[in-house]
Amino acid sequence: MHTKSLAELAEGLRNKDFSSEELTRSSLARIKQYDIQLNSFITVAEAPALAQARQADAQLASGKAGPLTGIPIAQKDIFCTEGVRTSCASKMLDNFISPYNATVVQKYNDAGAVMIGKTNMDEFAMGSSNETSFYGAVKNPWDLEAVPGGSSGGSAACVAARLVPAATGTDTGGSIRQPAALCGITGIKPTYGRVSRYGMIAFASSLDQAGAMAGSAEDTAMMLNAMAGFDPKDSTSIEKDVPDYTASLNNDIKGLKIGLPKEYFGEGLDADVAAKIEQAIEEYKKLGAEIVEISLPNSSLSVPVYYVVAPAECSTNLSRFDGVRYGYRCEDPEDLEDLYKRSRGEGFGAEVKRRIMIGTYALSAGYYDAYYLKAQKLRRLISEDFKQAFEKVDVIMGPTAPSTAFKIGEKSDDPITMYLSDIYTIATNLAGLPGMSVPAGFSNSLPVGLQIIGNYFDEARLLNVAHQYQNVTDWHRQIPKGFE
Ligand code: GLN
């Protein structure tokens, strides 16, 4: 059962080949058997999942089922889930049980999906390797000594190991695409505003966007159908019709103009990863696409701009964790100041504290203009680069990450090197554009991801372009050894 796509699972459920309860139990059994190696889950919601599965079975029997009814999915532990702990992989929220559901969670519940558990991640989604989690590092199923990428590393690892067919993720600077690439699965980060952020714990509000991680473009299209759409509870969500993302998957891509930014193929890119991306581009040529060399001249600014904007926003967002209302509180505080200081000092991990300090510094009087305002201006230039590029091409392609999965511990002492692992993904968040990562081969037995970037609200085209490639390749069907 665990090798089936979402569409196949939906058909199996409708044909009564298996029930949702059986499917859910099989997923729970795989988690029990394999997650000791991976650490991809923070919380497994066995009892509520089985209750949801029984409800789904009743719905299936009544003939009122939708495409996701009865299918188990995992939620990144950044989404508030009523009654099930939401920790954001932080000691700060280790004891937090949300009184309400994030809109994304509610939408999947309404679609009849079974919420099997909450996936591990970097603390407050700050990281590129899933090593900053309070609950320990996640392992990459392709090499248990390597990182799965981050921050949605748990979601990527559990989907890659086929513990669940699909999971949610969030992407502030690459956190869906980079782990999808490093774990050999398909991930989509939609346009900023396409999916509600309500109930999704905020990291950097102008960059955060929720998306889907699954085995194929078709599966992520089914996931996006359930999660996209306007939400009056999120003032940055956009009122725009949601197309059926599965409807255009089979469109012909003859004549598609693919832009290759020369800045994405330069120094810092692993030679073998580059070769795999070039092979993928060759496949697209065979499918009738036209290749255009383009330039995104301000690309080199994206990492420095991001590391001013994201910490600035996180320093204000995380000020709410004060030990007073919810979350971790230190023992025996002497007075209010001691309560604040020790609750935050003990509740947050090192990377989160580093970001809060950088952000507070960049926003402080006298430095605001020099850092934050300057970064906002450069952010505009980065967006303009894309605007010009999309006058010439339909999609932009390149590597998702500069290398394959690195070893656990290899970059954790060197934040700058770690930050550079998002060098190709960050600019799309700064511009608010949608992006995908699609499996495109292996380098030394580790997966390589092809990134596809689209224009605003062009998710349907991205999924179509990815699906056409997956029709002629089988990289996305490979399962890591030991997890077959
Ligand atoms: N790796 C980037 C960071 O550490 C992006 C994280 C994300 O997209 N949530 O901030």
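For this structure, a couple of remarks:
- Residues that are within 14 Å of the ligand (Cβ to nearest atom) and in a helix (DSSP H, G or I) within the range 429-448 comprise 429, 430, listed in sequence order.
- Residues that are touching a residue at least 60 places away in the same chain (Cβ under 8 Å), surrounded by fewer than 18 Cβ atoms within 10 Å (Cβ to Cβ) and assigned to a helix (DSSP H, G or I), drawn from the range 385-407: 392
- For the range 26-42, the set of residues classified as crowded, with 21+ Cβ neighbours inside 10 Å and in a helix (DSSP H, G or I) consists of 27, 28, 31, 35, 38, listed by residue number.
- Which numbered condition residue 370 misses (of (1) more than 16 Å from the ligand (Cβ to nearest atom); (2) in contact with a Leu (Cβ under 7 Å, 6 or more places away or on another chain)): (2)
- Of all residues in the range 69-113 being more than 20 Å from the chain's Cα centre (by Cα) and in a helix (DSSP H, G or I), the one that is nearest to residue 130 (Cα to Cα): 91
- So residue 76, is it within 16 Å of the ligand (Cβ to nearest atom), within 30 Å of residue 321 (Cβ to Cβ) and among the basic types (Lys, Arg): yes
- Some residue of the range 192-203 being more than 14 Å from the ligand (Cβ to nearest atom), under 25 Å from residue 250 (Cα atoms) and over 13 Å from the mean Cα position of the chain (by Cα): yes
- Scanning the range 354-373 for residues that are in contact with a helix residue (DSSP H, G or I) (Cβ under 8 Å, 6 or more places away or on another chain) and among the charged types (D, E, K, R) returns 354, 355.
- First in the range 158-175 and in a strand (DSSP E or B), second anywhere and away from the ligand (no atom under 16 Å from the Cβ) and of a type in the set (Asp, Glu), Cβ under 8 Å, 6 or more apart: 166/219
- Qualifying residue in the range 408-428 (condition: touching a residue at least 60 places away in the same chain (Cβ under 8 Å), away from the ligand (no atom under 16 Å from the Cβ) and not β-branched (Val, Ile, Thr)): yes
- When we screen 87, 26, 19, 62 for residues that are out of contact with any helix residue (DSSP H, G or I) (no Cβ under 8 Å at 6 or more places or on another chain), over 18 Å from residue 166 (Cβ atoms) and among the hydroxyl-bearing types (Ser, Thr, Tyr), the only hit is 62.
- The criterion of at least 1 residues that are farther than 24 Å from residue 430 by Cα is met by the following helices (runs of 4 or more DSSP H) wholly inside the range 278-379: 336-347, 350-363.
Here, each number is a calculation from the coordinates, and none is a lab measurement. These numbers were taken from a predicted model, which means no experiment stands behind them. Using ideal geometry, Cβ is built from the backbone for each residue, glycine included, and neighbour counts are taken over all protein chains shown.
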